[in-house]
Amino acid sequence: MTLLVTGGAGFIGTNFVRHWRSERPDEDIVVLDALTYAGIRENIEGLDGVDLVVGDICDTALIEKLLRDRAINRLIHFAAESHVDRSISGPGAFVQTNIVGTQSLLDAAKTVWLDDGSGRPHRFHHVSTDEVYGTLSPDDPAFSETTPYTPNSPYAASKAASDHLVRAWHRTYGLDVVTTNCSNNYGPYQFPEKLIPLCIGNALTGKPLPIYGDGNQIRDWLYVEDHCRGIVAALEQGEAGETYNIGGGAERTNIDLVNALCAEIDSALAADEGLAARFPDCPAAHGGDTSFLIEYVADRPGHDRRYAIDDSKARRSIGYAPEVAFAEGLEATIAWYLGRR
Ligand code: NAD
C-alpha cells in the first residue's frame, strides 16, 4: 500500500516519512511537497521507498492524478505555511496554502475516492495544531477536543478553517477523515526560524537568544517522534470523523526551555573538547555560561500565553502515550544539531 504525504520535506513530515519507512519497510510513500523555503529536498532524498513529487497542494488535477495512478487510498496532510510570525507579516500565503490548499486536497480525494464510484476504503488524515483553541490562563484546564475554537493569529485562524473544511467533507460528503491537533513539536530537521533550532544555532555561534516579552509564555512540548507515533495510531485506529489531541505532557515556559537548552549546551561543550574547538564563539567553549546570550525582545502581537493539551481521548481510544521525556528529547535534539553543524 502506498501512502501520500503532503509536506513530507518539512520538519514533521520528514520525521514522519523516516519513522514510517523504518516501521513499515514494505509500505512505500509518495511525498507531495512544493519545496517552499521550509521544505528541504535533502531531508528525504535517496530514502528507499520514498518518491518525492514536487508540486502544490492547490493543484487539484495533480493530486487526482497521483491518487489514481499510484492507487493511493490514504493520505496524511502536513503541508502548510507554519510560522506564526510570517502569518502576521503576510497572511495571504497562509489563507492560500492552509485553507485553499486543504480544500483542493479534499476535492481531489472526494472525486477519486467517492465520486468515481470506486467505493474503495480510504482515509484522509489532517494534521493540525492546538493553536486553533486559542490561549489559556494559568489555571484553565488543558485543551480538549471539545474546547471551542478561538484562534488568535492568522496562522491559527487558517488552520482552524482547514479543520472545519475537513469536518464538513466528512459530514456532507461522507469522506473518511481523521484530524489530530498537537502541541509544539521539537526534534531533528526543524527549520531554524523556530525557537529551539534558532536558539541552538545562535548559541553555538555566540549570537543573542531572543526571548519574546517576559518569556513566561507556556507551551506543551511534544517530541516529534512521539507525534509520529500518535499520527500512526490515529491513522490506523482513529474513528472516521473524529479528532484527537496529541500532547507531550511537558508544559514549560519559553524562558525555562531556553535556560534548559543553554545548560545542555554548556555540559555538551564542557564534556567534549572537540565541540569546544568547533564552536569557539559559544560562551561554553571558554567555560562561560551560554544563558548570558539571552536577550528579551518586544513581544509578538497577540501572543498566546499558554497552551496545554489534554490527550486523554487519544490515550483511551487509540492507545497513544508519549514515550520521550522532555529532558531526554531535548538532549537528543541538541545532539542531532551538534552533529549537523
Ligand atoms: P514546516 O513549515 O516545517 O513544513 C511545511 C512543509 O509543507 C514544507 O515542506 C513545505 O515545502 C510544504 N508546503 C508548504 N506549502 C505547500 C504547498 N502549497 N504545497 C505543497 N507543499 C507545501 O511545517 P511543520 O512544522 O513540519 O508542520 C507540519 C504540519 O503540522 C503543519 O500542518 C502544521 O500546521 C502542523 N503543526 C506543526 C507544529 C509544530 O510544532 N511544528 C505543531 C502543531 C501542528
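Brief remarks follow.
- Scanning region 280-314 for residues that are assigned to a helix (DSSP H, G or I) and either surrounded by fewer than 19 Cβ atoms within 10 Å (Cβ to Cβ) or within 19 Å of the chain's Cα centre (by Cα) (or both) gives 286, 292, 312, 313, 314.
- Annotation: of all residues in region 33-49 being more than 6 Å from the ligand (Cβ to nearest atom) and either within 19 Å of residue 97 (Cβ to Cβ) or within 17 Å of the chain's Cα centre (by Cα) (or both), the one that is surrounded by the fewest Cβ atoms within 10 Å (Cβ to Cβ) is 37.
- Among (1) within 13 Å of the ligand (Cβ to nearest atom); (2) surrounded by fewer than 14 Cβ atoms within 10 Å (Cβ to Cβ); (3) of a type in the set (D, E, K, R) - the single one residue 69 does not satisfy: (1)
A quick yes/no check of all residues on (1) under 16 Å from the mean Cα position of the chain (by Cα); (2) among the aliphatic types (A, V, I, L, M):
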position	(1), (2)
166	no, yes
182	yes, no
193	yes, no
201	no, no
204	no, yes
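- Filter result (buried (at least 19 other Cβ atoms within 10 Å of the Cβ) and of a type in the set (Gly, Ala, Ser)) within region 315-333: 329
- Among the residues listed as 196, 265, the single one being modelled with pLDDT of 95 or more, under 25 Å from residue 87 (Cα atoms) and not polar (S, T, N, Q): 196
- Exactly one residue out of 136, 47, 114 is in contact (Cβ under 8 Å) with a residue 12 or more places away in the chain and over 26 Å from residue 222 (Cα atoms), and it is 114.
- Residue 318 being in contact with a Cys (Cβ under 8 Å, 6 or more places away or on another chain) and either closer than 30 Å to residue 235 by Cα or in contact (Cβ under 8 Å) with a residue 40 or more places away in the chain (or both): no
- Counting only helices (runs of 4 or more DSSP H) that sit wholly inside region 127-241, those with at least 1 residues that are within 13 Å of the ligand (Cβ to nearest atom) and buried (at least 23 other Cβ atoms within 10 Å of the Cβ) are 154-173, 224-237.
The values are calculated or read from the model by the stated rules, or taken from the named source; none is laboratory data. In this text the structure is predicted, and so the values were computed from the model without any measurement. Note that we place each Cβ from the backbone using ideal geometry, even for glycine, and neighbour counts take in every protein chain shown.
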